[in-house]
1. Could you check region 33-43 and list, in sequence order, the residues that are of a type in the set (D, E, K, R), in a helix (DSSP H, G or I) and surrounded by 14 or more Cβ atoms within 10 Å (Cβ to Cβ)?
2. Could you tell me whether any residue of region 24-46 is closer than 18 Å to residue 99 by Cβ and touching an Asp or Glu at 6+ places or on another chain (Cβ under 6 Å)?
3. Could you figure out which of (1) at positive phi; (2) within 15 Å of the chain's Cα centre (by Cα) isn't true of residue 78?
4. Of the numbered conditions (1) surrounded by 10 or more Cβ atoms within 10 Å (Cβ to Cβ); (2) farther than 15 Å from residue 7 by Cα, residue 30 satisfies every one except a single condition; which is it?
5. Which residue is surrounded by the fewest Cβ atoms within 10 Å (Cβ to Cβ), if the candidates are limited to region 46-101 and must be outside any helix (DSSP H, G or I) and of a type in the set (A, V, I, L, M)?
6. Find all pairs meeting these conditions: Cβ atoms under 9 angstrom apart; at least six residues apart or on different chains; first residue within region 56-71 and without any contact (Cβ under 8 Å) to a residue 24 or more places away in the chain and charged (D, E, K, R); second residue surrounded by 11 or more Cβ atoms within 10 Å (Cβ to Cβ) and not in a helix (DSSP H, G or I).
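None of the figures in this text is laboratory data; all of them are computed from the coordinates on show. The shown structure was predicted, so the numbers you read here are calculated from the model rather than taken from an experiment. Here the Cβ is made from the backbone with ideal geometry for all residues, glycine too, and neighbour counts use every protein chain on show.
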Amino acid sequence: MRLPDFIIEHIEPILQAWEDFARTIETPGAALDREALRDHAGQMLEAIVIDLRTQQTRSEQIAKSLGHGPSSAEETPAETHAVTRLMAGFTIDQMVSEYRR
């Protein structure tokens, strides 16, 4: 099974694991509800699936791995997530720890 197919097939358990871990992060602000804990995670996974399914040349893969991939004027779900987590009182370390799950 290819990774994008695995993500789609198992999206709910992945999101639940994301939520469960995010719930363990203590912040100075009010506790976040289920929706806030999962915010943008589904959109990030969908963006990852689209990216994984996009055909690329070897040179495009290398360029993207070096941070020189295509860019957009629109904010990505990951960027939006980072901003909302920082506004909720997450430290940089706490916010980044979510991505390790």
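1. Selection gives 38 alone.
2. Looking through region 24-46, at least one residue is closer than 18 Å to residue 99 by Cβ and touching an Asp or Glu at 6+ places or on another chain (Cβ under 6 Å).
3. Result: residue 78 fails condition (1) only.
4. (1)
5. Applying the filter and picking the extreme gives 73.
6. From residues that are without any contact (Cβ under 8 Å) to a residue 24 or more places away in the chain and charged (D, E, K, R), the pairs are 60/69; 64/56.
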